[in-house]
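S.K.: Okay, handing you the structure first.
The values are calculated or read from the model by the stated rules, or taken from the named source; none is laboratory data. Quick caveat, the model's predicted, so the values are computed rather than measured. Cβ placement follows ideal geometry from the backbone for every residue including glycine, while neighbour counts extend to all protein chains displayed. For the accessible areas, the whole protein counts, side chains as well, though only heavy atoms, and no ligand, DNA or RNA atoms are used. Shrake-Rupley method; radii C 1.70, N 1.55, O 1.52, S 1.80 Å.
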Amino acid sequence: MATSSLLFLLVLSSFSTASAAFTKPRQVYVVYLGEHAGAKVEEEILAGHHGLLLSVKGSEEEARASLLYSYKHSLNGFAALLSEEEATALSARTEVVSAFPSNGRWSPHTTRSWEFVGLEEGVRGPDDTGRLPPGDKAGGEDVIVGVLDSGIWPESRSFGDEGLGPVPARWKGVCQGGDSFSPSSCNRKIIGARYYVKAYEARYGAVNTTNAYRSPRDHDGHGTHTASTVAGRTVPGVAALGGFAPGTASGGAPLARVAVYKVCWPIPGPNPNIENTCFEADMLAAIDDAVGDGVDVMSVSIGSTGKPLPFAEDGIALGALHAAMRGVVLVCSGGNSGPKPATVSNLAPWMLTVAASSIDRAFISPIKLGNGMVIMGQTVTPYQLPGNKPYPLVYAADAVVPGTPANVSNQCLPKSLAPEKVRGKIVVCLRGTGLRVEKGLEVKQAGGAAIILGNPPAFGGEVPVDAHVLPGTAVSSVDVNSIIRYINSSSSPTAVLDPSRTVVDVKPSPVMAQFSSRGPNVNEPNILKPDVTAPGLNILAAWSEASSPTKLDGDNRVVKYNIMSGTSMSCPHVSATAVLLKSAHPGWSSAAIRSAIMTTATTSNAEGGPMMDADGTVAGPIDYGSGHIRPKHALDPGLVYDASYQDYLLFACASGGAQLDHSLPCPATPPPPYQLNHPSLAIHGLNGSVTVQRTVTNVGQGSARYSVAVVEPMGVSVKVSPRSLSFARTGEKKSFRIKIEATKGRGGWRVNGQFVAGSYTWSDGVHVVRSPLVVLVA
């Protein structure tokens with residue numbers, strides 16, 4: 001077998017067998033060898049994989065039995081059951097780039113939103129949505145978006161195929177049958193569906209079909225929600241449970257075709273409906289098939305937990321690299337671990353990483369306290385307290401059972417409330433540990449009448465809404481403190497919970513979601529992450545009718561549409577934008593599409609002020625990257641920053657010395673990571689000065705002359721040369737240099753040990769091509 005680059009993914013999962021041949025513990029491993037070496041038919045690739053396995057296995061039969069997946073279309077490799085010794089032996093071979101376990105440390109990052117994106121474009125009018133007109137060819141028809149998630153509910157009206165033309169002739173995928181899903185479940189909208197379960201079952205055993213369908217059908221709801229956000233059809237008369245958020249539901253690219261790749265499955269445990277897990281080996285098989293099937297864009301609302309993995313051991317990053325080489329745009333969620341810094345995941349520069357922010361819609365629910373104060377909560381629970389009268393009010397910390405830890409006594413955790421202290425009362429609980437909806441369930445089970453769920457200080461004024469199993473509402477950290485002060489000041493505190501209603505044009509908006517994971521980039525701080533932000537707070541989209549709106553055991557309500565929050569919801573907004581660009585500019589590279597989305601993003605809210613964090617402070621690039629997406633602007637960006645597969649390999653060489661492809665050995669001194677031709681710029685540990693080169697490509701109509709404007713970060717000098725760029729034709733490239741220098745003052749460095757932000761912007765009077773600049777001064 002040729003020693004040039006191959007991608008091997010060996011899946012190793014804890015496994016035991018009575019066979020003498022498998023006496024050592026085995027796990028699923030991914031062995032990565034880079035890009036395919038020349039054109040090979042699938043049989044040759046599979047034979048090569050078997051040959052490598054045979055080199056560490058005792059027999060041909062054992063080698064074939066251990067193989068789970070053979071990756072053939074984009075990345076080259078396989079997933080197999082191996083012992084640690086076998087994986088080590090394979091990793092020592094010269095053709096192997098990396099071998100790493102598939103541990104299941106990945107999980108999903110859990111109507112009006114597209115109208116609001118239109119407002120962020122900076123124009124207002126009767127047709128100011130972020131989408132293109134449905135009749136426009138650039139509205140996404142014949143573009144294929146692959147969704148890696150928990151599957152799909154195909155009967156949803158959001159996936160009807162009325163008025164769509166034939167399935168694109170270039171489509172090579174399949175509609176895989178299984179539990180409650182047949183090949184006829186696909187149509188001209190859902191043109192393909194597959195499921196991947198081998199690595200999951202190697203770890204957990206057979207799928208429990210009580211909690212999941214062993215098929216592309218979605219039992220969870222998450223996959224249906226994300227798929228309909230990116231490409232759901234326009235469906236009038238839609239609302240969440242209780243009639244909230246009424247109106248027309250539509251994905252950002254309603255004419256795009258959907259290909260479903262189910263890779264996430266329930267974690268066995270007391271409530272498997274709550275949390276899903278996704279294994280690298282299964283996800284890589286899905287990415288590989290998606291590229292072979294012919295998808296144009298992949299939407300992946302999934303991320304890893306714990307410390308980010310090196311690029312050479314990051315399954316999504318490796319799959320995304322080989323997809324990008326073939327022109328496929330891969331969009332990922334950034335995670336829900338904010339506002340703590342350095343928590344963002346999906347960190348490679350060849351993928352588009354998305355933060356989450358609010359839209360201008362709220363579900364206001366007045367709370368009238370016994371002292372006359374009125375506080376505005378938010379809720380989408382369909383239940384109301386009878387009688388519209390005052391009910392006794394109690395703080396959870398004053399109503400817990402003995403032995404409840406003091407640090408969580410106010411959080412309404414399971415079995416923490418004393419029934420005799422909460423029966424018939426409105427219970428004030430705080431967010432923090434545990435699920436929001438589970439806190440409502442605890443209040444109900446203890447006999448409480450309703451819940452007021454308050455934010456701790458870290459979450460500020462951001463209020464995610466839930467369809468609780470009892471009456472209730474949620475309030476900001478400032479407002480819950482007012483309620484607690486009232487309770488402490490009154491011998492018999494009471495409150496009235498008025499019915500909730502949907503309101504729009506809430507100001508200011510957007511606001512960065514506090515849950516949205518923040519930068520800097522832990523793996524490579526010279527690449528800014530996240531890249532952009534998009535709507536991710538209280539988003540209405542289609543839902544699985546096998547899943548209740550809360551997913552809690554005992555909640556038997558069935559809904560067709562549900563409201564969810566998370567970067568999982570913001571990711572498909574950006575995926576849809578990539579679909580629109582792919583439709584309008586089919587010849588653009590994945591890097592060019594990412595660049596167009598990033599350089600046309602805005603850092604202002606819909607009122608023209610700076611975008612804010614939910615705690616009231618001004619947000620910045622560490623929170624939102626380049627800013628909030630503007631799909632229509634992205635269609636005509638003027639200039640783009642392009643990059644190739646070889647550029648990314650050189651970047652990986654410089655970033656931790658990762659040689660991702662043996663066909664391109666790492667040079668002794670690769671260019672620093674910040675020299676990657678990327679649409680944003682981050683300099684980590686600036687000591688003195690650095691000079692960075694960037695190259696832009698004119699994608700406007702014909703000749704143009706651009707001038708640069710610089711906003712210098714505090715304590716940093718930024719000089720761009722030349723200060724103007726002239727283009728004679730479309731497609732022409734021009735390079736420029738940026739000299740960045742830390743400035744000295746009387747007291748030494750003016751800025752020390754913190755990130756400071758600025759920007760450089762090219763404009764020809766029509767296009768504005770903005771790049772954020774983030775610097776950490778050493």
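S.K.: Under the Cβ-under-4.7 Å rule, which cysteines of the chain stay unpaired?
M.R.: Cys332, Cys571
S.K.: Looking only at segment 364-496, where both bridge partners belong to it, what percent of the DSSP beta bridges are antiparallel (to the nearest 5)?
M.R.: Here the share of antiparallel DSSP bridges comes out near 50 percent.
S.K.: Right, next: Given a 1.4 angstrom probe, I'd like the percentage of the accessible area of segment 27-101 that is carbon and sulfur, rounded to a whole number.
M.R.: Roughly 51 percent of what the probe reaches on segment 27-101 is carbon or sulfur.
S.K.: I'd like the Karplus ³J(HN,Hα) series for segment 238-245: coefficients 6.51, -1.76, 1.60, θ = phi - 60°, whole numbers in Hz, and an x wherever there's a Gly or Pro.
M.R.: For segment 238-245, the Karplus curve yields 9, 7, 7, 3, x, x, 7, 6 Hz.
S.K.: Right, something else. Output wanted: per-residue J couplings in Hz (rounded whole) for segment 499-510, from phi through Karplus 6.51 cos²θ - 1.76 cosθ + 1.60, θ = phi - 60°, x for Gly and Pro.
M.R.: Working through the residues one at a time gives x, 8, 9, 8, 10, 10, 6, 5, 10, x, 7, x Hz.
S.K.: Hey, can you grab everything whose amide H is under 5 Å from the amide H of Val511? Only 5+ residues off in sequence or another chain; H modelled, so Pro and N-termini drop out.
M.R.: Those lying under 5 Å, H to H, from Val511 are Ser358.
S.K.: Now a separate question. Given the chain, what percent of its DSSP beta bridges are antiparallel, to the nearest 5?
M.R.: Working: 88 of 136 bridges.
Counting only bridges with both partners in the chain, antiparallel ones make up about 65 percent.
S.K.: Taking θ as phi - 60°, what are the ³J(HN,Hα) couplings along segment 687-697 by the Karplus curve (6.51, -1.76, 1.60), each to the nearest whole Hz, with x for Gly and Pro?
M.R.: Those phi angles translate into 9, x, 9, 9, 10, 10, 10, 10, 10, 10, 10 Hz.
S.K.: Return the FRET efficiency for the residue pair Val174, Asn556: r is the Cβ-Cβ distance, R0 is 41 Å, and the value is rounded to the nearest 0.05.
M.R.: The calculated FRET efficiency here is 0.75.
S.K.: Using heavy-atom solvent-accessible surface (probe 1.4 Å) with all chains present, what is the largest-first order of His219, His468?
M.R.: Of His219, His468, the descending order of accessible area is His219, His468.
S.K.: Set Lys and Arg Cβ to +1 and Asp and Glu Cβ to -1, take the dipole of the chain about its Cα centre, and tell me which of Ser55, Asn346, Trp762 lies farthest positive.
M.R.: Positive-most Cα among the choices belongs to Trp762.
S.K.: I would also like to ask the following. Considering the dipole of segment 364-496 built from charges on the beta carbon (Lys and Arg +1, Asp and Glu -1) around the Cα centre, which of Met373, Ser477, Pro390 is farthest to its positive end?
M.R.: Most positive-ward Cα: Pro390.
S.K.: Report the calculated FRET efficiency for Thr669 and Val768 (r = Cβ-Cβ distance, R0 = 51 Å), to the nearest 0.05.
M.R.: So, using R0 = 51 Å, E works out to roughly 0.90.
S.K.: I've got another one for you. Using only the Cα atoms of segment 677-777, construct the convex hull and provide its projected area averaged over every direction, in square nanometres to one decimal.
M.R.: Values: hull surface 24.6 nm².
Answer in nm², one decimal: 6.2.
S.K.: Out of (1) 78, 70, 50; (2) 80, 73, 56; (3) 79, 72, 60, which label holds the value of Cα extents along the principal axes in Å that was computed here?
M.R.: Evaluating Cα extents along the principal axes in Å on these atoms matches (3).
S.K.: List the pairs from Lys72/Lys307; Lys172/Lys262; Lys340/Lys529 whose alpha-carbon separation is above 24 Å, in the order I gave them.
M.R.: Lys72/Lys307
S.K.: How many nm separate the modelled label positions at Thr617 and Glu44, each set 7 Å beyond the Cα in the direction of the Cβ?
M.R.: Taking the two extended label points, one gets 5.7 nm.
S.K.: Of the peptides 543-556, 605-618, how do they stack up when ordered by the mean number of other Cβ atoms within 10 Å, highest first?
M.R.: For the peptides 543-556, 605-618, the packing ranking is 543-556, 605-618.
S.K.: Helix-only mean residue ellipticity at 222 nm, the chain, DSSP H runs n ≥ 4 weighted -39,500 (n - 2.57), per residue, nearest 500. What is it?
M.R.: On the way: 16 runs with 152 residues, N = 778.
After summing the helix terms and dividing by residue count, I get -5500 deg cm²/dmol.
S.K.: Give me, ordered by chain and number, the residues 5 or more places off Gly303 or on other chains with an amide H under 5 Å from its own placed amide H.
M.R.: Hits under the 5 Å cutoff: Ser107, His109.
S.K.: Continuing with the same structure: Between Gln445 and Arg188, take the C-beta separation as r, use R0 = 35 Å, and let me know the FRET efficiency to the nearest 0.05. If you can, show how the numbers build up before the last one.
M.R.: Numbers: r = 46 Å, r/R0 = 1.33.
Efficiency computed from Cβ-Cβ geometry: 0.15.
S.K.: With a bin width of 10 angstrom, please list the P(r) values of segment 132-236 as percents of all Cα-Cα pairs, from the 0 bin to the one holding the largest distance.
M.R.: It works out to 14, 45, 29, 10, 2, in whole percents.
S.K.: Of Ile451, Ile622, which has the most accessible area with a 1.4 Å probe, and how do the rest follow in descending order?
M.R.: In descending accessible area the options line up as Ile622, Ile451.
S.K.: Still on this structure, I have one more. With only Lys, Arg, Asp and Glu charged, each at its Cβ (+1 for the first two, -1 for the last two), find how big the charge dipole of segment 591-727 is about the Cα centre; round to the nearest 20 debye.
M.R.: Working: 7 positive and 9 negative charges, 94 e Å.
Its charge dipole is roughly 460 debye.
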